[in-house]
1. Within region B:133-156, identify whether any single residue is in a helix (DSSP H, G or I), out of contact with any Cys (no Cβ under 6 Å at 6 or more places or on another chain) and open to solvent by less than 40 Å² (accessible area, probe 1.4 Å), and answer yes or no.
2. On the basis of being facing another protein chain (nearest Cβ under 8 Å) and on the phi < 0 side of the Ramachandran plot, does A:ALA100 make the cut?
3. If I filter region B:12-25 for residues that are away from every other protein chain (no Cβ under 11 Å), open to solvent by less than 10 Å² (accessible area, probe 1.4 Å) and over 30 Å from A:ARG21 (Cα atoms), do I get at least one hit?
4. Going by what's in this entry, would B:ALA164 be described as open to solvent by 40 Å² or more (accessible area, probe 1.4 Å), in contact with a Pro (Cβ under 9 Å, 6 or more places away or on another chain) and among the hydrophobic types (A, V, I, L, M, F, W, C)?
5. Considering only strands (runs of 3 or more DSSP E) fully contained in region B:44-130, which possess at least 1 residues that are touching a Ser or Thr at 6+ places or on another chain (Cβ under 7 Å) and hydroxyl-bearing (Ser, Thr, Tyr)?
6. Is it the case, given these coordinates, that B:ALA290 is open to solvent by less than 60 Å² (accessible area, probe 1.4 Å), touching a helix residue (DSSP H, G or I) at 6+ places or on another chain (Cβ under 9 Å), of a type in the set (Gly, Ala, Ser) and under 28 Å from B:ILE256 (Cβ atoms)?
7. Going through region A:317-343 one residue at a time, which ones are closer than 19 Å to A:PRO274 by Cα, of a type in the set (Lys, Arg) and part of a helix (DSSP H, G or I)?
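The values are calculated or read from the model by the stated rules, or taken from the named source; none is laboratory data. Just so it is clear, the structure is predicted and the values come from calculations on it, not from any experiment. Don't worry about glycine lacking a Cβ; one is built from the backbone with ideal geometry, like all the others, and counts go over all protein chains shown. The area values use the complete protein model at the heavy-atom level, side chains included, leaving out ligands, DNA and RNA. Shrake-Rupley method; radii C 1.70, N 1.55, O 1.52, S 1.80 Å.
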Number of protein chains: 2
Amino acid sequence: MGLVVQKYGGSSVADAEGIKRVAKRVVEAKKNGHQVVVVVSAMGDTTDELIDLAGEVSPITSGREFDMLLTAGERISMALLAMAIKALGHEAQSFTGSQAGVITDSVHNKARIIDVTPGRIQTALDEGNIAIVAGFQGVSQDKKDITTLGRGGSDTTAVALAAALNAEVCEIYTDVDGVFTADPRVVKKARKIDRISFEDMLELASSGSKVLLHRCVEYARRYNIPIHVRSSFSGLQGTWVGNEPQGDQPMEQALISGVAHDTSEAKITVVGVPDKPGEAAKIFRAIADAELNIDMVVQNVSAASTGLTDISFTLPKTDGRRAIEALERAKAGIGFDSLRYDDQIAKISLVGAGMKTNPGVTAAFFEALSGAGVNIELISTSEIRISVVTRKDDVNEAVRAVHTAFGLDSESDEAVVYGGTGR
Amino acid sequence: MGLVVQKYGGSSVADAEGIKRVAKRVVEAKKNGHQVVVVVSAMGDTTDELIDLAGEVSPITSGREFDMLLTAGERISMALLAMAIKALGHEAQSFTGSQAGVITDSVHNKARIIDVTPGRIQTALDEGNIAIVAGFQGVSQDKKDITTLGRGGSDTTAVALAAALNAEVCEIYTDVDGVFTADPRVVKKARKIDRISFEDMLELASSGSKVLLHRCVEYARRYNIPIHVRSSFSGLQGTWVGNEPQGDQPMEQALISGVAHDTSEAKITVVGVPDKPGEAAKIFRAIADAELNIDMVVQNVSAASTGLTDISFTLPKTDGRRAIEALERAKAGIGFDSLRYDDQIAKISLVGAGMKTNPGVTAAFFEALSGAGVNIELISTSEIRISVVTRKDDVNEAVRAVHTAFGLDSESDEAVVYGGTGR
């Protein structure tokens with residue numbers, strides 16, 4: 001029996017009862033002969049409460065001190081979990097990100113892990129203890145300041161530790177039973193996916209599936225760490241993400257994993273860009289220098305009469321204001337006409353292997369949308385994904401139509417086990 | 001202008017308003033040309049809430065994990081204070097006890113400071129920043145585990161940093177205007193003390209005065225760091241504790257500093273101890289091995305007929321159960337008859353220089369108690385203090401009688417400024 005890394009999110013440790021339930025599950029894994037490392041998020045609403053407090057004392061809720069503040073949340077949950085495990089008669093020690101050797105760069109509020117040196121965790125395991133590690137946090141390599149990893153940080157902590165410790169599996173416990181063929185709140189007939197490849201999971205994650213974030217799956221793929229996404233409430237088998245072969249289907253046939261949607265993005269259109277080499281580069285250099293990530297990019301055909309073109313891209317709404325500001329600052333150097341901002345959009349994506357070599361997939365996808373009366377504004381494709389941007393109001397109908405069209409609906413009306421708090 | 005260390009307690013940073021008020025005061029000191037190091041406690045009831053949470057997940061609220069949990073409190077307040085200072089346009093950086101170089105032994109929940117290496121604080125100051133340090137916490141020298149310093153820990157952090165950084169003064173901000181000749185809640189005519197020696201302050205502290213704890217004063221005396229105890233609400237001059245000469249009074253005359261009382265102790269009587277050398281040592285070795293501190297010790301005269309004696313001592317009520325358990329375990333080795341436990345006691349102490357050489361002081365003290373009809377159960381004296389144990393019910397009357405008898409009453413009926421939350 002090898003080493004298991006388990007990660008529990010904020011809803012799993014929302015209160016004392018939750019912490020005790022998690023403690024029992026951890027002890028069970030230990031009793032089954034595993035070495036166990038547990039990564040925890042902050043309890044329930046703790047982080048939101050800390051953010052509110054910060055807003056009360058300062059208009060600037062970012063930077064070094066904001067990280068120092070937020071990391072108090074995991075400190076509380078991990079210490080309580082260690083105490084709850086001890087109360088069950090097992091030895092547990094908690095470690096901050098810094099103590100666990102999670103070394104990051106110095107970009108506060110969304111630091112990137114650059115090394116993991118889990119010497120103290122290994123020692124704790126060697127001594128027969130359960131090790132609890134604060135998710136979402138690390139320490140900067142140069143200044144030794146406390147950093148946080150931003151969205152999905154705790155999942156990434158778990159996968160990074162699993163890689164550094166050569167774990168058998170990284171179990172991500174959440175409040176749903178696994179990864180579904182579509183969001184079960186939108187598609188009642190969505191099915192739980194039993195196994196999915198890293199690549200398909202990456203596309204689902206970057207297309208709006210909230211269960212696992214892109215960053216964590218990317219890390220797992222690089223180090224080939226199998227992820228098991230499962231419910232901390234039901235105890236059922238969840239979704240395995242890994243390099244396993246995709247069943248006995250012929251390799252050439254398109255295998256649709258699921259339909260994802262995302263309403264968290266906005267679309268920015270840069271209007272009247274001179275259609276000459278280097279212009280697009282200037283735009284995206286300005287965005288990159290502001291440390292903002294973009295998603296889809298589409299450049300319209302240039303109007304021959306004016307020599308001007310429009311460039312549209314999507315990005316998280318939360319970065320919208322900063323992107324507009326960055327572009328306005330760079331306006332003189334780029335030389336565009338104006339900016340348009342639209343946050344009433346939705347992105348719908350179909351993900352699955354062998355899509356590019358099956359032209360029928362794209363056709364069927366567009367036919368399904370058309371049949372539902374949904375207009376398409378942008379299109380973007382990859383080897384295993386096709387995404388469109390539509391009006392936000394059309395999203396639910398569009399997802400259901402595509403889910404049905406590709407035969408993903410389950411037999412029964414509401415077959416999915418959808419546990420927990422419903423978050 | 002030199003370096004000032006300021007310490008703010010939990011009631012001063014109880015909410016966002018309090019934090020902003022403290023931020024203004026800190027910035028004021030900085031504007032006056034000082035280098036400023038600020039030590040903060042956890043906000044208001046945070047620590048109590050964390051203790052409650054711990055009680056919900058485990059019956060054992062102590063040890064390594066409990067320290068990890070509690071230190072989240074100061075992490076929150078210090079980060080918020082740094083953010084509030086930045087919002088006022090000044091640079092501030094917060095540091096955990098570990099980052100500030102507060103090195104302790106490994107006795108969790110009441111660790112002792114064994115070294116302070118404030119290299120990062122000095123760097124922050126040299127760069128023109130205000131440094132905020134989490135009170136109450138450190139890191140153990142051998143295991144690098146997070147420790148807490150126990151009662152009065154934040155005051156001790158402040159004085160220890162003041163010593164290590166060669167500060168001009170350590171300002172302890174609290175919710176009262178300073179140190180008083182008696183507890184103003186008991187004695188309406190109590191007066192604020194303007195200046196007091198380390199020695200008298202030590203005796204007041206160990207006799208129940210809550211404003212400063214013994215441990216912090218002891219540290220300040222050893223390194224000769226003047227302490228200024230003052231209100232974070234009123235901004236008035238408070239009480240200076242230091243080596244200054246005691247005014248122009250002739251040195252030989254008794255100078256009474258104040259009357260302290262303490263109802264937090266219990267009395268344990270070990271009944272029927274063989275009256276031979278080494279017996280008392282065995283009793284107090286058993287207590288010391290359990291890491292318990294005792295206060296007063298009295299051995300009764302042996303009854304010649306039995307060769308047995310009784311030994312009484314006082315200690316914090318919170319340690320009572322553990323002391324009884326330790327003595328029961330050692331019973332066979334010591335060979336006593338039985339144990340008596342009494343937590344309905346109070347200690348009343350008169351503190352001032354030149355007391356031993358003024359026999360009239362002791363007489364007047366006992367006369368005042370007798371005049372108030374208060375019975376004396378134990379007596380203990382030092383060079384500058386005389387303490388008695390009485391029934392708990394008699395304590396207020398006893399303190400008032402002694403305060404009046406020694407001419408400590410202020411002229412007006414209620415002259416004292418007693419600010420803040422009344423804690």
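1. The first filter runs over region B:133-156 and keeps only residues in a helix (DSSP H, G or I), leaving B:153-156.
Filter once more, so that each one left must be out of contact with any Cys (no Cβ under 6 Å at 6 or more places or on another chain): B:153-154.
Okay, now just the ones that are also open to solvent by less than 40 Å² (accessible area, probe 1.4 Å), so B:153-154.
Yes, region B:133-156 has at least one match.
2. Values: facing another protein chain (nearest Cβ under 8 Å): no; on the phi < 0 side of the Ramachandran plot: yes.
Taking the combined requirement at face value, the residue does not satisfy it.
3. Our first condition is that a residue be away from every other protein chain (no Cβ under 11 Å); within region B:12-25, this holds for B:12, B:14, B:24-25.
Add one more test, that the residue is open to solvent by less than 10 Å² (accessible area, probe 1.4 Å), and what stays is B:12.
If we keep only those that are over 30 Å from A:ARG21 (Cα atoms) as well, we get B:12.
Checking region B:12-25: at least one residue is away from every other protein chain (no Cβ under 11 Å), open to solvent by less than 10 Å² (accessible area, probe 1.4 Å) and over 30 Å from A:ARG21 (Cα atoms).
4. On the way: open to solvent by 40 Å² or more (accessible area, probe 1.4 Å): yes; in contact with a Pro (Cβ under 9 Å, 6 or more places away or on another chain): yes; among the hydrophobic types (A, V, I, L, M, F, W, C): yes.
Against the criterion (open to solvent by 40 Å² or more (accessible area, probe 1.4 Å), in contact with a Pro (Cβ under 9 Å, 6 or more places away or on another chain) and among the hydrophobic types (A, V, I, L, M, F, W, C)), B:ALA164 qualifies.
5. Details: elements: B:92-95, B:102-104, B:113-116.
By residue number, B:102-104.
6. Working: open to solvent by less than 60 Å² (accessible area, probe 1.4 Å): yes; touching a helix residue (DSSP H, G or I) at 6+ places or on another chain (Cβ under 9 Å): yes; of a type in the set (Gly, Ala, Ser): yes; under 28 Å from B:ILE256 (Cβ atoms): no.
So B:ALA290 does not fit the description; no.
7. A:ARG329, A:LYS331
Results for (1) touching a residue at least 60 places away in the same chain (Cβ under 8 Å); (2) within 13 Å of another protein chain (Cβ to nearest Cβ); (3) within 23 Å of the chain's Cα centre (by Cα), shown as yes or no for each residue.
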residue	(1), (2), (3)
B:VAL107	yes, no, yes
B:ALA111	no, no, yes
B:GLN122	no, no, no
B:GLU127	no, yes, no
B:GLY138	no, no, yes
B:GLY153	no, no, yes
